[in-house]
Amino acid sequence: MTFSRAIKIAPSILSADFANFGAECQAIEAQGADWVHVDVMDGHFVPNITFGPTTCAAIRKHIKGVMDVHLMIAPVDPYIDAFAQSGADVITAHLEAGPHIHRSLQAIRAHGVKAGLALNPGTPIEAVAHLLDMVDLICVMTVNPGFGGQKFIHSQVDKVCSLRTMIGDRPIHIEIDGGVTVETAPLVAAAGADVLVAGSAVFKGGSVADPAPYGANIRAIRSVAEAAQV
Ligand code: DX5
Ligand code: ZN
């Protein structure tokens, strides 16, 4: 993974057919996805349950590029080893998931995996100031985590701008997760984001049997985001 601020579209398989993850991952990559975003939920940190490291390992075999694992779980530390072993390229933990996020980020990097830090909509970016040398990616949640298909929270755009300034020249990706559409993608791209997670907006209208809409959706989001990026 070489660092670049070029726009990357990361479809979230939360909106895929859960009985067909392998084929869905192959389909979105064939249709132009840059990263595959994998949402892990525990029914405790967030009010929804998805799957764990065994499923990630199974999915990995069907992904050629970057597997971006978003952990919405608490605690995080007991499971980092298993998610690293599953073949994740990026593991993102939530700042709010426990009292020792610094240790969690250290543990992720110790496995040779890129470390991501996610912030809920209510979390201020000041909390990140002393972690900047520990992270490869900061994920700004633009919905409250737990479900796909929610409405984009516009107050987070200013947060992305401030974060972009705070990051400066450091090689840290800014990822946006939640409610990304052709309407909202330009706002966050202009504010400084480079990784756009999109679940419903990528998978809408398509299927493994008819994946062309995935490609059209990805191209549409990429095109407006690239035009807005500064
Ligand atoms: C929300 C997840 C997101 C979600 C995005 O908790 O982390 O990745 O799937 O879905 P959309 O793009 O539908 O908001
Ligand atoms: Zn996510």
Practice item. Return yes or no: is PHE3 part of a loop (DSSP other than H, G, I, E, B) and either within 16 Å of ligand 1 (Cβ to nearest atom) or buried (at least 21 other Cβ atoms within 10 Å of the Cβ) (or both)? Key: no
Study note, to complete from the structure: Expected output for segment 186-202 (first residue at pLDDT 95 or above, partner aromatic (Phe, Trp, Tyr) and part of a helix (DSSP H, G or I), Cβ below 9 Å, 6+ apart or cross-chain) is VAL202/TYR214
Exercise for review: Can you tell me which residue among ILE101, ILE176 is closer than 23 Å to PHE51 by Cα and away from ligand 1 (no atom under 16 Å from the Cβ)?
Suggested key: ILE101
Study note, to complete from the structure: Listed by first then second residue, the pairs whose first member lies in segment 173-184 and is over 21 Å from ASP89 (Cα atoms), whose partner is part of a strand (DSSP E or B) and among the hydrophobic types (A, V, I, L, M, F, W, C), with beta carbons under 7 Å and at least 6 positions apart or on separate chains, are VAL180/LEU196; VAL180/VAL197; VAL180/ALA198
Point to revise | Test for ASP39: is it in contact with a helix residue (DSSP H, G or I) (Cβ under 9 Å, 6 or more places away or on another chain), surrounded by fewer than 20 Cβ atoms within 10 Å (Cβ to Cβ), in contact (Cβ under 8 Å) with a residue 12 or more places away in the chain and not in a loop (DSSP other than H, G, I, E, B) | key: no
Review point. Would segment 58-70 turn up any residue that is closer than 16 Å to ASN120 by Cα and either modelled with pLDDT under 95 or not in a strand (DSSP E or B) (or both)?
Key: no
**Study point:** VAL140, sole failed condition from (1) of a type in the set (A, V, I, L, M); (2) within 21 Å of PRO75 (Cβ to Cβ); (3) within 14 Å of ligand 1 (Cβ to nearest atom)
**Key:** (2)
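Looking at HIS173, HIS154, HIS130, which is the one that is buried (at least 22 other Cβ atoms within 10 Å of the Cβ), out of contact with any Cys (no Cβ under 7 Å at 6 or more places or on another chain), modelled with pLDDT of 95 or more and within 27 Å of ALA74 (Cα to Cα)? Don't jump to the end; show me each part of the working.
Numbers: HIS154 fails: buried (at least 22 other Cβ atoms within 10 Å of the Cβ); HIS130 fails: buried (at least 22 other Cβ atoms within 10 Å of the Cβ).
When all the criteria are applied, what remains is HIS173.
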Review point. Within the set of pairs 6 or more residues apart or between chains, which connect a residue that is at pLDDT 95 or above inside segment 1-24 to a residue that is among the basic types (Lys, Arg) and within 10 Å of ligand 1 (Cβ to nearest atom) with Cβ atoms less than 9 Å apart?
Key: SER15/LYS204
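The values are calculated or read from the model by the stated rules, or taken from the named source; none is laboratory data. Remember, it's a predicted structure, so these values are computed and weren't measured experimentally. Quick reminder, even Gly has a Cβ in these numbers, built from the backbone with ideal geometry, and neighbours come from all protein chains shown.
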